[in-house]
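The structure appears right after this line, and notes come after that.
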Amino acid sequence: MTAQPVLKTDLVQTQLVKPCLVSSELDIELNKDLSKELKKSTQSKFSKAAARYNTHANVQKHAASDLLALIKPGINKNKLCVDLGAGPLVNTHTLQSVFSSVIAMDLSLNMLQSSDLTAPKICADMDNLPLQANSVDVIYSNFAVQWSANFSALMQSLYSILKPGGQAYISTVIEGSLNEIKTAFAALDSNSHINTFNSELYINQSVQNAGFTINSAKKRIYTDEYTTPLKAITSIKAIGATTQNHTNTRQGLLTKSALQKVCSAYPLINNKACVSYHVVLLSLEKH
């Protein structure tokens with residue numbers, strides 16, 4: 001009996017995924033809700049951040065730990081797991097101790113190549129998943145799905161690729177995040193300088209509309225502290241998270257005086273410049 005291929009392509013005929021399979025090989029069209037330029041910008045910025053990502057992704061590490069804790073104790077290890085938005089494969093390595101087979105998927109080829117970890121890798125767009133229906137046991141995704149052009153459609157896709165009884169463990173950034181940076185830039189102009197994030201209500205409605213059963217939904221606020229506003233502002237660039245997912249953005253680099261104005265307006269707590277992320281941790285199941 002021939003194994004069902006994981007990929008929607010004849011490039012791979014078994015569940016062994018071609019390492020570093022680039023999305024262009026799949027002839028994927030970009031989602032109409034997000035322009036090709038914005039998608040390329042997202043890919044470019046995360047690729048540039050690959051070398052320094054692990055050093056600065058402190059909040060992401062805390063969320064990853066909390067998300068891993070949601071995985072059912074005693075779960076059958078003989079499962080195929082996809083680490084969606086795997087980045088430099090930090091969580092992929094941990095997941096390999098939980099599941100027998102783990103595939104790392106990310107939009108940034110540089111992120112995937114920055115790790116020496118031995119694991120199947122797919123460079124692909126989460127909004128155009130190259131995976132067969134009913135082919136995956138577990139989906140793990142930490143701090144990634146907020147970059148989707150269409151979260152509701154993504155949840156439907158994830159539901160489709162999971163086998164009946166499959167689980168999805170997802171953390172996503174929601175509205176209220178980066179408010180300190182938003183406040184600081186409001187002193188400069190009325191343009192948006194941060195991403196627009198989905199509401200907690202929309203997240204919950206989307207996963208339920210896709211057909212998922214919500215076993216757990218927890219809201220957390222993770223905060224990083226920096227000694228100066230400039231370091232706080234720079235921190236989101238260091239992890240590649242400066243791509244705006246809308247069109248009302250300020251174009252061009254900040255002048256020195258403009259940057260000083262933003263830093264002066266940055267709200268401080270005990271003389272620390274904080275960057276806060278509001279996050280929902282989801283444990284989902286397909287019946």
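The values are calculated or read from the model by the stated rules, or taken from the named source; none is laboratory data. What you are looking at is a predicted structure, and each value in this text was computed from that prediction instead of being measured. Cβ sites come from the backbone with ideal geometry, for glycine too, and all protein chains shown count toward neighbours. All accessible areas refer to the heavy atoms of the entire protein, side chains included, with ligands and DNA or RNA removed. Shrake-Rupley method; radii C 1.70, N 1.55, O 1.52, S 1.80 Å.
Before moving on, here are some points about what is shown:
- Above-threshold pairs, the threshold being 32 Å between Cα atoms, out of 61/286; 72/272; 79/182; 231/286; 121/261: 72/272; 79/182; 231/286; 121/261
- Subtracting the Cα-Cα distance of residue 228 and residue 188 from 0.36 nm times their residue separation leaves 12.6 nm of extension gain.
- Surface composition of the range 58-202: carbon plus sulfur atoms contribute 47% of the solvent-accessible area (1.4 Å probe, protein chains only, all chains present).
- Using 0.36 nm per residue and subtracting the Cα-Cα separation, the extra length available between residue 69 and residue 257 on full extension is 63.1 nm.
- Calculated from backbone phi, Karplus (6.51, -1.76, 1.60) coupling profile of the range 75-87 in Hz, x at Gly/Pro: 4, 4, 6, 7, 9, 9, 10, 10, 8, 8, x, 5, x
- The range 277-285 - phi-based ³J(HN,Hα) in whole Hz, Karplus 6.51/-1.76/1.60, Gly and Pro as x: 10, 8, 9, 10, 9, 10, 10, 10, 9
- Put a plus charge on the Cβ of each Lys and Arg, a minus charge on the Cβ of each Asp and Glu, and nothing anywhere else: the dipole of the range 79-173 about its Cα centre is then about 200 debye.
- Fraction in percent of alpha-carbon pairs per bin - 5 Å, the range 122-216: 3, 12, 21, 23, 15, 10, 7, 5, 3, 1, 0
- Take the Cβ atoms of residue 221 and residue 265, set R0 to 22 Å, and the FRET efficiency comes out at 0.50.
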